[in-house]
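Structure, as structure tokens:
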Amino acid sequence: MGGKMRVLIFGFGVHGGGYAAAEYFLSRGHDVCITDLRSREELGYELETLASKGSRLVLGEHRPDDVAWADLVVKNPAVPASHPLLLKAKNIMNDMAWLLSNPKIDEVKIIAITGTKGKTTTASAIAHVLESMGKETQLCGNMGISGFTVADDWERRQAKAAHLPSYLVCEFSSWQIHDWFVAMAHHKIPRFTTAVLTSFFPDHLNRYTGLESYRKDKMHLFGPHCDIMLVPETIRKTFMREVSVPAKNVKSIEKLSATAQGTIPTSLHAAFATCRAMGFPPSLILEALKNFKGVPHRQEYVCTVASVMFINDSAATIPEAVVFSCSSFASLPIHLVCGGTDKNLEAHSLAEPFRQAASITLLDGSFTREKIIPLLREMNLEFSGPFQTMHEAVTVAWEKTVDRLGHTRNQVVMLSPGAASFELFKHEFDRGDQFCREVQELRKKEITSENEQSSDRPSTH
């Protein structure tokens, strides 16, 4: 778009996307207004930085006059597309639509990733492999890197006549796909070198009218604009019928990753399959993935205390993700910390991890009270909680491991909630951060206790 614009950031958010959008347009001389239902205190110091640069702030409400004022509305993905004020917007964009409508987009090979679970790990692992092969690669999307940040970098490169990166790996949530797809109705959709659906389970049913509308948003990412598509084998035939593309263009993640099974974690199979489909040598892909350190909040190793391994899997916000994560540690006793806010999902798939768990400690929340606890009582299984704080939950889970130390040494305490976080925490990353802090405090206390016991022992000299 040419000329000075009036840009409305509709939903500032707490993950940095609103800041990146506002900074992008302010730095190019546009008029910017930020509107959010939260207060200044809740949104933090970044808001004050933008205000000092000339952004107008409207907090605690969304006003029709601001939407009418704006030439362009940049919508936060957490704001429902059905919001009544947005129906009167002249033009709505999100960061991914802005980036992927860049005039130079065809110079970059695009890899698009979505899925109910596994998309952040897959996107990050693919970028890691490509970088290890000497291919300059940029990440953006749902993992917290705004498309506006990448767009800013590209425009700076273009001003210097510098090359753009070889690859762009984009992670899309279903909400981002919806907003991108609607916005791209006015733009040419670029070609995707590869598009990946990592998994599909019921999710966000508190936001969608049903599973079908959630599925439709995911499927908007795929089509004839994709050179290669990778999907789970269980849905490959259904996928091909819906997308109407040649069978040779749709690959099975499981079949392409068969040679990697047993050598890398299951969570990296989609990344391995994608890189294989793109023609990279399997041996080099495996070598790179073995050096991949993982992604925070996704089966993240925190530390080991007295032979007890602590795992932060706070990004497991649906029951099926808990099943998957527990299977990764099936050879060890797992002390499961779970529970939280309901997303209109069923809890029955948690039955197997509950049955196998060495102990179950519950965080409070609507999903915990209304679905997890009734399931546990029906199964006649013991549990602790529900607790209002992470400190209580970690303390009790640790005590459960101590009770078993005489019987077994190696154990796992895993935060894998299977639910949303909003009743007790700001978001799932805040929940995971609190878990990590509590575990590190526990570790310090145990080290101090060991040192004191050591100093109390009589000298042998």
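Highest-first packing order for the peptide set 235-247, 32-44, 331-343, 167-179 is 167-179, 331-343, 32-44, 235-247, based on the mean count of other beta carbon atoms within 10 Å. Multiplying each eigenvalue of the alpha-carbon gyration tensor of the stretch 311-350 by 5 and taking the square root yields semi-axes of 19, 11, 9 Å, largest first, rounded to whole angstroms.
Each Lys and Arg Cβ is given +1 and each Asp and Glu Cβ -1; about its Cα centre, the stretch 300-450 then shows a dipole of about 260 debye.
Which of LYS293, LYS75 has the fewest other C-beta atoms within 10 Å, and how do the rest follow up to the most?
On the way: LYS293 10, LYS75 25.
Lowest to highest Cβ neighbour count: LYS293, LYS75.
Against the longest principal axis of the chain, how steep is helix 390-404, in degrees 0 to 90 to the nearest 10, with axes from Cα atoms? Helix 390-404 sits roughly 40 degrees off the main axis of the chain. Of all lysines in the structure, the ones whose alpha carbon falls short of 17 Å from that of LYS53, not counting any fewer than 8 places away in one chain, are LYS4.
Can you give the percent of C-alpha pairs in the stretch 168-266 whose distance is more than 20 Å?
Details: 2079 of 4851 pairs.
In whole percent, the long-distance tail amounts to 43.
Over the Cα atoms of the stretch 96-290, compute the convex hull volume and normalise it per residue, giving Å³.
Values: hull volume 22.8 nm³, N = 195.
Hull volume over Cα atoms, normalised by residue count, gives 117 Å³.
Report the local net charge at ALA273: Lys and Arg +1, Asp and Glu -1, summed over other residues whose C-beta lies under 13 Å from its C-beta. In short, +2.
So how do 85-96, 6-17 stack up, highest first, on mean other-Cβ count within 10 Å? The partial results should precede the final answer.
On the way: 85-96: 18.7, 6-17: 22.7.
In decreasing order of mean packing, 85-96, 6-17 become 6-17, 85-96.
For the chain, the share of DSSP beta bridges that are antiparallel, to the nearest 5, is 10%.
Given +1 on the Cβ of Lys and Arg, -1 on the Cβ of Asp and Glu, and no further charges, what dipole in debye does the chain carry about its Cα centre, rounded to the nearest 20? Let's see the in-between values first.
Working: 50 positive and 52 negative charges, 300 e Å.
Magnitude of the dipole: close to 1440 debye.
Each of the peptides 222-228, 305-311, 57-63, 146-152 was scored by the mean count of other Cβ atoms within 10 Å over its residues; in descending order, highest first, they stand as 146-152, 305-311, 222-228, 57-63. If you wrap the stretch 322-455 in the convex hull of its Cα atoms and look at it from every side, the mean projected area works out to 8.3 nm². Estimated from helical segments only, the mean residue ellipticity of the chain at 222 nm is -11000 deg cm²/dmol, where each DSSP H run of four or more residues counts as -39500 (n - 2.57). Throw me the Rg/Rh for the chain, computed over C-alpha atoms with Kirkwood Rh, two decimals. Reported Rg/Rh (Cα atoms, Kirkwood Rh): 0.99.
Could you tell me what percent of the DSSP beta bridges with both partners in the stretch 1-151 are antiparallel, to the nearest 5?
On the way: 1 of 16 bridges.
Percentage antiparallel, nearest 5: 5.
Near MET96, once Lys and Arg are set to +1 and Asp and Glu to -1 for all other residues with Cβ below 11 Å from its Cβ, the sum equals -3.
Give the total of Lys-Lys pairs in the stretch 300-450 with Cα-Cα distances below 19 Å; include a pair only if its members are 8 or more places apart or on different chains.
Working: LYS343/LYS371; LYS343/LYS426; LYS400/LYS444; LYS400/LYS445.
So the count of such lysine pairs works out to 4.
Using only the C-alpha atoms of the stretch 105-215, find the volume of their convex hull and express it per residue in Å³.
On the way: hull volume 12.3 nm³, N = 111.
Considering the Cα atoms of the stretch 105-215, their hull volume per residue is 111 Å³.
The charge dipole of the stretch 1-133, taken about the Cα centre with unit charges on the Cβ atoms of Lys, Arg (+1) and Asp, Glu (-1), comes to about 280 debye, rounded to the nearest 20.
Computed from the coordinates by the stated procedures, all read-outs in this text should not be read as laboratory data. Owing to the predicted nature of the structure, the values given are computational and were not obtained by experimental measurement. A quick note on method: Cβ atoms are made from the backbone with ideal geometry, for glycine too, and the neighbour counts reach across all protein chains shown.
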